[in-house]
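To start, the structure itself, in structure tokens.
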Amino acid sequence: MTDSGDFDAAWLPDTAFRAVGARRSLVRGGPDPLTDTVRGELAGACARFGGEVVRDGDAAEFVLNVTADSPADESYTLRRAGGVTTLTAPSGRGLLYGLFHVVRLGEAAFAGDLAPRTHRPALATRMLDHWDNVAVHPVMGQVERGYAGGSLFWADGEARGDLGRVRAYGRLLAACGINAVAVNNVNVHATEARLLTDRIGDVAAIADALRPYGIRTHLSVSFAAPMLLGGPDTADPLDPAVREWWAAATARVYEEIPDFGGYVVKADSEGQPGPFAYGRSHADGANMLAAALEPYGGTVHWRAFVYDHRQDWRDRSTDRARAAHDHFTPLDGEFADNAVLQVKHGPMDFQVREPVSPLIGAMPDTRLAVELQVTQEYTGQQKHVCWLGPMWSEVLRFRPDGEVPAGRLAHELVAVSNAGDDRFWTGHPLAQANLYTFGRLAWDPAADPREVLDEWIALTHPGAPDRLTEGLHAILDGSWATYEKYTAPLGVGFMVQPGHHYGPSVDGYEYSPWGTYHFADRDGIGVDRSVATGTGFAGQYAEPWAKLYESPGTCPDELLLFFHHVPYGHVLHSGKTVIQHIYDTHFEGVEEAEKARRVWADLADLVEPERHARVTERFEEQLRGAREWRDQINSYFLRKSGVRDAHGRTIH
Ligand code: GCU
């Protein structure tokens, strides 16, 4: 299973390179680090499969040319004619992406003719944020919301000594198109704040390991860094001493890491410091850091996840869903060119079902990154199988202004990584599909996620028989819908245990300050976010959405309880009442999970034993968890509503 023996090869097992490695290949271009990486990849593959990397002038069946020195251009052109497959690219980076394309095609890249076709990513930055702490945090552990062991980058309070695994990670990421990584948590604690200054050497070591695969390294920083790290005793973004401090600190970062990507900032959010303390705007804060980074071509990713996390649950007028749009739309056009506003895909917080954030599309004069969560905080924590490709694709295809898909309105796609030092990278081996799918959708937001899944299956299991491919599709394709069925219903969200967020607790957050309520009582459930009678959130959308979401009669079923408070007897478009929908989906969800487990059991002869055993063990926990969700949710609503299940099934 593992080519290295220490960890799983994921979507790059040696055998995925069989077709490439069996050819005579010629590389023209370089020397530059990425073209050298391509040469190294080919040499390794040829050593295993009998091909040869030949010299200029020798006959070759696979010719790779770097035709210019345009490092920012990531495109490549592939063609095949006269028995020769040719890859041309204006940069070593493009050539590397082209090589992985040929790996995906396998033998098909060396058969017949291929008309020339140029491929280029739709989004220039395709980034993973790691919520990794250097020092183990007493509550959050080493990786905040991490479900795959410890950090890939940090161990024992410093950068890992052996960064071989980080290099292997960079290689996996390049193979699905990711080109940027932030190496520490957005909640910047005391040790991690120092990465910016006296600990920058640790970050530089990681950047060295990722660079050969075209990945730029970014750092999360504390807005209060000057005060924490021996500078001025204020962090006021308009104070000249503060601006000078950041300029000097940033200059030192670039001395260590010349291609450093920039800063990621969570400011005025969940207790993190920010510009509000000084009466300054978020544009003031972001622009100060943008100015420090600008001379070097760096970028600041400024997160829009700003809301009141100390809300009084009795206060029905404050709506957390409104917060990002309320805070940021007045600032459109004020952000510097190298400041990117990073917006969570939904208005709340990575729930299994949310509408697309109304901020996406509402700031035409601001560079925008859409942030997804690959780590499965609210979608089963990598104990439950939940392939998120269809959810992300829905987000990226949603047309915020009624016309242009969100994937084209965004300038970047960012996600919280689900990888750690676990042998299988992602805890649940099938969660590797999420990481791969994220990268490929960032490259092409219009891609069909099922086709991406086909790619992942074919790479991970070269030569997979149809039974394995079909089995994996049967397990993964509908797994998001299944998870949604047995957890919080109809877009209402949360109902999770407070703190760690795993498992059901219907009222866990109901009387808390976090702004995540369902308002269930004996008569009904849901949050009235209409303009007419509720919080007005629905009015933050452009048409046609504002009108559609405003009325329970037109609101899509799956979002009904996000936008409306309705009686249990309210009839959905599906023809069912809300209460019967809750019962039915919770029974169905468990049945679907049981079925997926049976499909997996039947694949035992086609999957290597260690991987099979790990997934089997996770399915046991998924089933236990799914039944717990079903029984708690169904019992809660039976007791609240007094309405019996139309089919007389057991509800406790
Ligand atoms: C969620 C998550 C936190 C995280 C936060 C964020 O609320 O539970 O752990 O810090 O998102 O995105 O900043």
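The values are calculated or read from the model by the stated rules, or taken from the named source; none is laboratory data. All figures in this text were calculated on a predicted structure; none of them were measured in a lab. Virtual Cβ from ideal backbone geometry, glycine too; neighbours counted across all protein chains shown. These area figures cover heavy atoms from the full protein model, side chains too; ligands, DNA and RNA do not enter into them. Shrake-Rupley method; radii C 1.70, N 1.55, O 1.52, S 1.80 Å.
Between the listed residues 603, 402, 619, the Cα displaced farthest toward the positive end of the dipole of the chain, a dipole computed from Cβ unit charges relative to the Cα centre, is found at 603.
Surface analysis of segment 553-652 yields an accessible area of 46 Å² per residue, using protein heavy atoms and a 1.4 Å probe. In segment 125-460, Cα pairs under 8 Å separated by at least six residues give a relative contact order of 18 percent. Say a paramagnetic label sat at a point 7 Å from the Cα of residue 28, along Cα to Cβ; which residues of segment 67-89 have their backbone N under 18 Å from it? Output list for this probe position: 67-70, 76-89.
Computing FRET efficiency as 1/(1 + (r/R0)^6) for residue 84 and residue 314, where r is the C-beta to C-beta distance and R0 is 56 Å, gives about 0.15. Taking every alpha-carbon pair within segment 313-382, the share separated by more than 19 Å comes to 42 percent. Antiparallel beta bridges, as assigned by DSSP with both residues in segment 125-460, represent about 10 percent of the total such bridges. For the pair segment 73-119 / segment 170-240, the C-alpha centres are spaced 35 Å from each other.
For the chain, what percent of Cα pairs sit more than 39 Å apart? For the chain, the share of Cα pairs beyond 39 Å comes to 33 percent.
Per-atom-type breakdown for segment 1-145 gives carbon and sulfur 51% of the accessible area (1.4 Å probe, protein chains only). Relative contact order of the chain: 11 percent, from C-alpha pairs under 8 Å at least 6 residues apart in sequence. In whole Å, what is the distance between the alpha-carbon centres of segment 541-576 and segment 447-478? Taking the Cα centre of each part, segment 541-576 and segment 447-478 sit 34 Å apart.
Please report the spacing between the Cα centers of segment 619-652 and segment 1-57 in Å, no decimals. Segment 619-652 and segment 1-57 have Cα centres separated by 53 Å.
Loop-located trypsin sites (Lys or Arg not before Pro) in segment 394-481 (DSSP state other than H, G, I, E, B) with a sparse environment of at most 12 neighbouring Cβ atoms within 10 Å are absent. The DSSP beta bridges internal to segment 14-119 are antiparallel in roughly 45% of cases.
When you work out D = kT/(6 pi eta Rh) for segment 449-531 at 4 °C and 1.567 mPa s, using the Kirkwood radius from C-alpha pairs as Rh and the Stokes-Einstein form, the result is 82 µm²/s.
Surface composition of segment 510-582: carbon and sulfur atoms hold 61% of the protein heavy-atom accessible area at a 1.4 Å probe.
For the chain, a crude dipole built from +1 on the beta carbon of Lys and Arg and -1 on the beta carbon of Asp and Glu, taken about the Cα centre, is about 900 debye to the nearest 20. If both residues of a DSSP beta bridge must be in the chain, then about 30% of such bridges are antiparallel. Checking the Cα-Cα distances for 383/547; 344/485; 485/547; 344/547; 547/576 against a 29 Å cut-off, the pairs over it are 383/547.
Scaling the Cα radius of gyration of segment 125-460 by the globular reference 2.2 N^0.38 Å produces a ratio of 0.94. Taking GluC sites (Glu not before Pro) across segment 255-311, none is in a DSSP loop with at most 12 further Cβ atoms lying within 10 angstrom of its Cβ. Accessible area per residue for segment 125-460 is 31 Å², calculated with a 1.4 Å probe on protein heavy atoms, without ligands, DNA or RNA. What you get for segment 48-152, charging only the Cβ of Lys and Arg (+1) and of Asp and Glu (-1), is a dipole of about 240 debye around the Cα centre.
With all protein chains kept in place, the per residue accessible area of segment 14-119 amounts to 42 square angstrom at a probe of 1.4 angstrom.
Could you work out the percent of alpha carbon pairs in segment 9-113 separated by over 22 Å, rounded to a whole number? Above the 22 Å cut-off, segment 9-113 has 21 percent of its Cα pairs.
A crude spin-label estimate for the pair residue 256 and residue 454, with each label 7 Å from Cα along the Cβ direction, gives 4.6 nm. With 0.36 nm allotted per residue and the present C-alpha distance subtracted, the residue 473-residue 114 stretch has 126.4 nm of extension available.
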